[in-house]
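Trainee: My structure is below; once you've seen it, I'll send some questions.
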Amino acid sequence: MKLILVIEDDPAVRGLIVDTIRTKGWRVIDASDGEKGLELAFKDLPDLILCDIQMPKMDGYGVLDRIRQNPQTTSIPFIFLTGMGEKPKVRKAMESGADDYIVKPFTVKELTGAIEARLQKQATFQETAEKRLNELRENLTFALPHELVTPLNTILGFSALLVDSPAISREELQEYATHILRSGERLKELIEKFLFYAQIETTMADAEQRRAFSQRAPHVTQETVFASARRVANERRRLPDLRLSLASIDHKISPSHLERIVRELLDNAFKFSEPASPVEVKTIGRDGGFRLEIIDQGHGFSPEQIKRVGANFQFDRKLQEQQGSGLGLSIARRLAEIYNGTLKIESTPGEQTVLTVEFPA
């Protein structure tokens, strides 16, 4: 049964709200001022808060600010109660982070309708978040052991050779050490990638974190894309194949997130295209947002494969003999979704693949 906190200094109004809530079958606790309301909110962690704006000791804005600052209460739906003709207060309330408002005097239907709408929205959000976390758990359970065991076996195998060999030449020692080093680097990269994907999933499930990203100051994306693209091309020894066409565009996306998107998509393009074939990176300004395109002339995707793009799914592994967890595209897609962006794949197998990330304003 849902618990609702009512913070209202007018005894008559507070009593009406409390009676209405109880009639609907919800549990209710109430407070006559902001300070008492905060105390109850932190102690009982209600499922929804109804709060007046004008109150003694602490007004509704102060209550909301404290609620949003506390990690335990930050996601609780918050509805302001306000008087007729107080449009500036309503505007300020919504800008402060309130989920909804009800204008006094209100009918029982208006009150219960607003409460039900917010509770349903919160339930849907929690269900979606739990579904994503379950998907993450399943992905990690099935993909993590296999991907980590492969390089680990190489490390253990060559380490055993070093221990068991009574005499070993300098050339053999260098060969074994090289295999161990490369497998160790691969293992480190895999662990970091899995941890980063897990971090993205928790961010997607946290409305406050997503809201914080949307409030960042704009930065020039051209510099980030240029540096990231050249770094990946140099690591893959494909710098001569890189083609850049970058517009100077301001956007609120985090530079570290944009760098990661470029890295994952461009690394994918180099991995599945042959050396000496061009790989293009373009950025295009569009209605206050921008579009990132990465084009290669490699293996490509079939329509069925495009539909199945997801975390930890790698296509035609045995046929193409590539290494990796297949997380790159999923990481890029999830990072784009944090900013309400989209990842689109257009491909003609054996000819061309275009990966497009569209970021709105």
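The values are calculated or read from the model by the stated rules, or taken from the named source; none is laboratory data. Here the structure is a predicted model, which means the values were calculated and not measured. Using ideal geometry, Cβ is built from the backbone for each residue, glycine included, and neighbour counts are taken over all protein chains shown.
Trainee: Being crowded, with 19+ Cβ neighbours inside 10 Å and in a loop (DSSP other than H, G, I, E, B) is the filter here; which residues of segment 54-78 pass it?
Mentor: Scanning segment 54-78 gives Met55, Ile76, Pro77.
Trainee: Can you spot a residue in segment 7-19 that is among the basic types (Lys, Arg) and in contact with a helix residue (DSSP H, G or I) (Cβ under 8 Å, 6 or more places away or on another chain)?
Mentor: Checked against the condition, which is being among the basic types (Lys, Arg) and in contact with a helix residue (DSSP H, G or I) (Cβ under 8 Å, 6 or more places away or on another chain), segment 7-19 yields no hits at all.
Trainee: Does segment 237-246 include one or more residues that are in a helix (DSSP H, G or I) and of a type outside the set (A, V, I, L, M, F, W, C)?
Mentor: yes
Trainee: Residue by residue through segment 234-257, note down the ones that are among the hydroxyl-bearing types (Ser, Thr, Tyr) and loosely packed, with under 14 Cβ neighbours inside 10 Å.
Mentor: Ser245, Ser248, Ser256, listed by residue number.
Trainee: Being in a helix (DSSP H, G or I) and under 38 Å from the mean Cα position of the chain (by Cα) is the filter here, so list the residues in segment 23-41 that pass it.
Mentor: Gly34, Glu35, Lys36, Gly37, Leu38, Glu39, Leu40, Ala41
Trainee: Output yes when any residue across segment 4-17 is more than 34 Å from the chain's Cα centre (by Cα), part of a loop (DSSP other than H, G, I, E, B), more than 15 Å from Ile102 (Cβ to Cβ) and at pLDDT 90 or above, and no when none is.
Mentor: yes
Trainee: Please pick out the residue among Glu192, Glu175 that is acidic (Asp, Glu), out of contact with any strand residue (DSSP E or B) (no Cβ under 6 Å at 6 or more places or on another chain) and surrounded by 13 or more Cβ atoms within 10 Å (Cβ to Cβ).
Mentor: Glu175
Trainee: Name the single residue that is modelled with the highest pLDDT among those in segment 195-225 being surrounded by 18 or more Cβ atoms within 10 Å (Cβ to Cβ) and in contact with a strand residue (DSSP E or B) (Cβ under 9 Å, 6 or more places away or on another chain).
Mentor: Val225
Trainee: Testing Cys51 on (1) part of a helix (DSSP H, G or I); (2) modelled with pLDDT of 90 or more; (3) under 21 Å from Leu119 (Cα atoms), one condition comes back false. Which one is that?
Mentor: (1)
Trainee: Search segment 280-320 for residues being at pLDDT 50 or above and assigned to a helix (DSSP H, G or I), and hand back the single one that is farthest from Glu223 (Cα to Cα).
Mentor: Restricting to residues being at pLDDT 50 or above and assigned to a helix (DSSP H, G or I), the top hit is Glu304.
Trainee: Criterion first (touching a residue at least 40 places away in the same chain (Cβ under 8 Å), assigned to a helix (DSSP H, G or I) and in contact with an Asp or Glu (Cβ under 8 Å, 6 or more places away or on another chain)) does Leu265 satisfy it?
Mentor: no
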